[in-house]
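For reference, the structure discussed in these notes is given below.
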Amino acid sequence: MAKIDLTLLKSKFRGSMLGVLTGDCLGHPYEGDELLTSGMKIILQKYFDKLEGPPYKAPAMQFTDDSVMTRSIAQSLIEKRQLDLLDIAKRFVKSYYEEPNRGYGPAVMTVFEKLRANRFSDLFTPAKEQFNGQGSWGNGGAMRITPIALFSHQNIDLLLEMTRKETQLTHTNKIGVDGAILQAIAIRQSLLLNPDNELDVKQFIDDLISQMDTIEFDEEGLGLVEPKPYKIQLSLVKTLISEGEAANAEKVVQKLGTSVAALYSVPTAIYCFLRAQNQIEGIITDNPFRRTIQYAISLGGDTDTIGGMAGALAGAFYGDKIINPAILKHLEASEEFQLLGEKLSDVTLSQ
Ligand code: F2R
Ligand code: MG
Ligand code: MG
């Protein structure tokens, strides 16, 4: 991978943090919807056009749990300059009790309640107890992992360790943890590539597949029927990408999924980012960041989270200059997220 100059790297930190926020704010009104009909896609196109057009007054688009938890991790890393799980857990719980209606996952709220009840004396048992001891396989770990991936991008072993530990505060099922790892290594890859060169999409997926090959082993001897589920999903991503326009939205949703399950949303987000390297029928824009998020939303399902994860990848690849400032003006807390990206880059790059 080519060396990235410091100014560009800092822009990529800001871009990735803003990518989460943008996908979350613009995606959440559609969360839980079916795959958008062609009529709905036209309305979405006009909506994005309007956001990018001349300024108009409207209430800011609100963010949800995805951005709240991303913000908590970024704030903690900036203040503590290392992974401080107790601090992160406290921030998660504080934000949840301050604003419980930010659209949290139905089960993860129990973790926050138990952490508060045990006064943070045991950080991991509440998550381990979820779903009768199976732990959550939701995408809540992956949706918030951006600051960890940025902070630890220089050291892959540190990235894996930090991602595992932090995710296990709420998600202990291997599928939930490995989903967060896949998103983190995909952000790292995007960060380390030069956007002036055309993205080698096939190589990008092959690199992810080879890394997941070593990460996805049946470490607990659970006798999993298929021990490499993310590898399989990534192979599907590769096949769909190779099909180009022939891979229509129905097929993409059917093969990759758009649910709250990490396995059926993290590879989908990666696909959205990679697919948006080229024009997509019905999405009229020359801006690949917008195309990534608009396409992710058009697939329906967990739109805020898939939009946010895909946005994090696009922002980490292109940097924040790619994001139309007119769109950012319509988002709650966009200045705060830009600043968090800036401060996180200062802390990371001064170590
Ligand atoms: N909660 C939502 N969306 C619901 C609609 C919100 C509405 N628009 C509003 O604003 O009120 N979105 C957020 O939740 C997802 C992240 O969830 P997370 O953090 O992973 O939570 P949880 O509860 O741990 O898991 C989610 C669900 O997955 C199923 N599940 C997980 N593990 C399971 C297991 N081992 N066995 C069976 N089911 C399991 C459960 O249904 C969980 O509740 C994001 O979309 C975020 O935006
Ligand atoms: Mg959400
Ligand atoms: Mg969601």
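The values are calculated or read from the model by the stated rules, or taken from the named source; none is laboratory data. As the structure is a computational prediction, the values presented were derived from the model and not from experiment. Positions of Cβ are generated from backbone atoms using ideal geometry, with glycine treated the same way; all protein chains shown enter the neighbour counts. Accessible surface areas use protein heavy atoms only, side chains included; no ligands, DNA or RNA. Shrake-Rupley method; radii C 1.70, N 1.55, O 1.52, S 1.80 Å.
Taking Lys and Arg as +1 and Asp and Glu as -1, the other residues whose beta-carbon sits under 11 Å from that of residue 20 total -1. Students often get this wrong: which residues of the stretch 276-293 have the backbone nitrogen under 19 Å from the point 7 angstrom along Cα-to-C-beta of residue 202? Answer for this model: 276-279.
Two decimals is fine: what is log10 I(q)/I(0) at q = 0.08 Å⁻¹ for the chain, from a Debye sum with one equal scatterer on every Cα and no solvent? Taken in order of the listed q values, log10 I(q)/I(0) reads -0.33. Across 172, 110, 303, mean-square fluctuation computed from a Gaussian network of the chain (C-alpha pairs under 10 Å connected) peaks at 110.
Keeping every protein chain present and rolling a 1.4 Å probe, give me the accessible area per residue for the chain in Å².
The answer is 42 Å² per residue.
Using helices alone, what [θ] at 222 nm do you get for the chain, with -39,500 (n - 2.57) per DSSP H run of 4 or more residues, divided over all residues and rounded to the nearest 500? Calculated from helices alone, the mean residue ellipticity at 222 nm is -19000 deg cm²/dmol.
Mean-square fluctuations from a GNM of the chain, with a 10 angstrom spring cutoff on Cα atoms, peak among 23, 141, 133 at 133.
Here the stretch 220-351 yields Rg over Rh of 1.03, to two decimals, using C-alpha coordinates and the Kirkwood radius.
In a fully extended conformation the segment linking residue 254 and residue 40 would gain 75.1 nm over its present Cα-Cα distance, using 0.36 nm per residue.
Would you list 192, 86, 339 from the most to the least accessible area, probe 1.4 Å?
Highest to lowest solvent-accessible surface, that is 339, 86, 192.
Springs between Cα atoms under 10 Å define the GNM used for the chain, and in it the highest mean-square fluctuation of 132, 324, 173 occurs at 132.
In whole percent, and with a 1.4 Å probe on the protein chains, what portion of the accessible area of the chain is carbon and sulfur? Before the final figure, lay out each step's value.
On the way: 7780 of 14610 Å².
Accessible surface attributable to carbon and sulfur in the chain totals 53 percent.
Among the listed pairs 114/228; 3/80; 80/228; 3/343; 128/228, give every one whose C-alpha distance is greater than 24 Å. In this structure, 114/228; 3/80; 80/228 lie more than 24 Å apart at Cα. Taking each residue as 0.36 nm, the span from residue 62 to residue 99 lengthens on full extension beyond its C-alpha to C-alpha distance by 12.1 nm. Full extension of the chain between residue 336 and residue 239 yields a length gain of 31.1 nm, computed as 0.36 nm times the residue separation minus the alpha carbon distance. Other residues with beta-carbon under 12 Å from the beta-carbon of residue 346 carry, at +1 per Lys or Arg and -1 per Asp or Glu, a net charge of +3.
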